[in-house]
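Just below is one structure, and these are the notes that go with it.
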Ligand code: ADP
Ligand code: GLC
């Protein structure tokens, strides 16, 4: 199959979160399976210096953005079998080190930047010589592309256009802009209506895509059901319920070539489920690196992620406050809301031998925390999929997760199936429920055979992309049939 993917971030070129990991790994996995894959993404600052890109003179970009024309160039790279990355070079929009914002404030021209990106996706979808059969968009930054696709080929009629699958990685981010910015799209104003682009007086990029694509997927089955409820629907639950037949969830996979406990350049001490000695050495080194007491008998809890409400930081702070009286250590790596950052740093100052908080973005340290911790905390308020708990499982680090979205779909609790249990789940979104789950972990830590049972199950769990990429190919076929009018339901 010939597939064109599009995303505003792709690992290893650019990344703020799991979106980048997912899209990078999906492209690679599809290519390996013999599909022809293109992936459109911006050329951010520094990418050209790090990768040997080729300029494609034959693919000039010259598109209207409101009243002006914006030019761009395309650079390509083929990092793995059958995969070509199309980098969109538009220095005024993308030659920035930070992707969406500076110092916590969104760039003022994000509507223009991502309108241009989505228009470029539509342009490439109809002008690439290998003629993509399906377009797969990820999140709001490219979600307007189906509307632009229809503009690209008005004469040939929609039957000749590739169908579009939109994957929602996080419904909380929709790309909302003031109504007057709809003019940037050059679309007829009749699309600015509540069944397509209009959302309580604003332009909504994600909604535009969800209303106009063939199929919608989310990154876990449970999240695909959650987003049809008022609680998790972020105002789009009505539209999603209306399109329920076209909505489904596919749990993300893990790139095990990167997230592995053996032959991993970030880990000094390899280990496997058959020989866990390296995990213990990694724990001791992590304690040394972070200036914590070096002692393998102290249970160590890790947490990595964006410090925003989604990730449960507001229940984690009070829970830690009460738990830090116990004999345990906690290591936190992340960045985000300045208020949350300060509260974590202040708490660490109160418990210097028990809590280490590293503010920043550090991939190497994230591997060492995943490997060196005994338990991993993911108390998210909501979690479309979540990748860190999947990485934890592979690293034999027991995840403690709230029963929501992909966390619930990927971790098995004792109550569900003792034989397969690999993590601890809690339900209430409260610091008390989280603290209780951590206390369960503490008692497990002192029962070595139980801990070993969990670790073994965790490391055996398989979330490889091999299976996951087949599920997407199945969706692409459904989308193609739908566009052809074969009447295939999803
Ligand atoms: P989300 O995409 O909602 O942020 P995920 O769990 O899906 O959450 O993915 C987060 C990804 O970003 C993981 O690969 C994680 O290791 C990485 N990550 C998040 N924060 C940091 C950080 N401060 N340093 C290094 N990696 C980070
Ligand atoms: C989003 C979600 C996260 C998911 C990731 C990759 O950032 O917040 O849960 O794992 O996308 O799909």
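Bear in mind that the values in this text are calculations on the coordinates, not laboratory data. Predicted, not measured: the structure shown is a model, and the values here were computed from it. Positions of Cβ are backbone-derived with ideal geometry, glycine not excepted, and every protein chain shown enters the neighbour counts.
Give the percent of DSSP beta bridges with both residues in region 1-132 that are antiparallel, rounded to the nearest 5.
If I count the DSSP bridges inside region 1-132, around 60 percent turn out antiparallel.
Taking Rh as the Kirkwood radius computed over C-alpha pairs, what is the Stokes-Einstein D of region 437-490 at 25 °C in a medium of viscosity 0.890 mPa s, expressed in µm² per second?
Translational diffusion coefficient: 166 µm²/s.
PRE reach from residue 427 (point 7 Å along Cα→Cβ): which of region 372-398 fall under 18 Å by backbone N?
It comes to 379-383, nothing else.
For the chain, find the longest principal axis of its Cα atoms and tell me its angle to the long axis of helix 465-484, 0 to 90°, nearest 10.
Rounded to the nearest ten degrees, it is 30.
I'd like the distance separating the alpha-carbon centroids of region 234-311 and region 32-59, in whole Å.
Each part reduced to its Cα centre gives a spacing of 28 Å.
Can you list the residues of region 104-133 with backbone N under 12 Å from a point 7 Å past the Cα of residue 361, pointing along Cα to Cβ?
Residues 104 qualify, since their backbone N sits under 12 Å from the label point.
How big is the antiparallel share of DSSP beta bridges in the chain, given as a percent to the nearest 5?
Antiparallel bridges make up about 30 percent of those DSSP assigns within the chain.
Relative to the first principal axis of the alpha-carbon coordinates of the chain, what is the inclination of helix 431-445, with its axis defined by its Cα atoms, in degrees from 0 to 90 and to the nearest 10?
Tilt relative to the chain: about 60 degrees.
Between residue 436 and residue 284, what FRET efficiency comes out of the Förster formula 1/(1 + (r/R0)^6) with R0 = 25 Å and r the beta carbon distance, rounded to 0.05?
Efficiency for this residue pair is about 0.30.
So what's the Cα pair-distance distribution over region 399-440, bin width 5 Å, in %?
Taking every Cα pair in region 399-440, the percentages come to 6, 26, 33, 24, 10, 1.
Taking every pair of alpha-carbon atoms in region 237-282, what share in percent sits in each 5 Å bin, from 0 to the bin with the longest distance?
That works out to 5, 18, 15, 12, 8, 6, 6, 7, 9, 12, 2, in percent per bin.
Scale the Cα Rg of the chain by the rule-of-thumb value 2.2 N^0.38 Å and send over the ratio, two decimals.
Here the Cα radius of gyration is 0.99 times the empirical estimate.
Starting from the Cα-Cα distance between residue 296 and residue 229, subtract it from 0.36 nm times their residue separation and give me the gain in nm to one decimal.
19.7 nm
Cβ neighbours within 10 Å, averaged per peptide: list 248-254, 441-447, 340-346 in order, most packed at the top.
Packing proxy ranking, top to bottom: 248-254, 340-346, 441-447.
Report, in cubic angstrom per residue, the convex hull volume of the C-alpha atoms of region 360-442.
Here the figure is 100 Å³ per residue.
Between residue 349 and residue 242, 0.36 nm times their residue separation minus their Cα-Cα distance comes to what?
33.5 nm
Using mean Cβ contacts within 10 Å as the protection proxy, how do 25-33, 233-241 order, highest first?
25-33, 233-241
Which distance in nm do the two modelled labels at residue 80 and residue 200 give, with both placed 7 Å along the Cα-to-Cβ direction?
Simple spin-label model gives 4.0 nm for this pair.
Taking Cα atoms of region 330-382, Rg/Rh with Kirkwood Rh, to two decimals?
0.96
Mind jotting down a quarter of the surface of the convex hull over the alpha carbons of region 302-433, in square nanometres, one decimal?
Seen from a random direction, the Cα hull of region 302-433 projects 7.5 nm² on average.
Any idea what angle helix 363-372 forms with the longest principal axis of the chain, computed on alpha-carbon atoms, 0 to 90 degrees, nearest 10?
40 degrees
Could you work out the Kirkwood radius for region 1-65, taking every pair of different alpha carbons, averaging 1/r and inverting it, reported in Å?
Across region 1-65, the inverse of the average 1/r is 13.2 Å.
Based on the Cα coordinates of region 41-198, what is the per residue volume of their convex hull in Å³?
Convex hull volume per residue, Cα atoms: 139 Å³.
Where the centroid of each part is defined by its Cα atoms, how far is region 432-461 from region 380-428 in Å?
11 Å
Taking the inverse of the average 1/r across all pairs of different Cα atoms in region 27-94, what Kirkwood radius in Å do you get?
Roughly 13.0 Å, rounded to one decimal.
When you count, for each residue, the other Cβ atoms within 10 Å and take the mean per peptide, how do 399-408, 278-287, 217-226, 425-434 rank with the highest first?
Highest mean packing first, the order is 399-408, 217-226, 278-287, 425-434.
Give me the one-decimal nm value for the distance between modelled label points at residue 69 and residue 172, 7 Å along each residue's Cα-to-Cβ direction.
4.2 nm
Rounded to whole Å and ordered largest first, report the semi-axes of the equivalent ellipsoid of region 192-333 derived from its Cα gyration tensor (root of 5λ).
Result for region 192-333: semi-axes of 43, 21, 13 Å.
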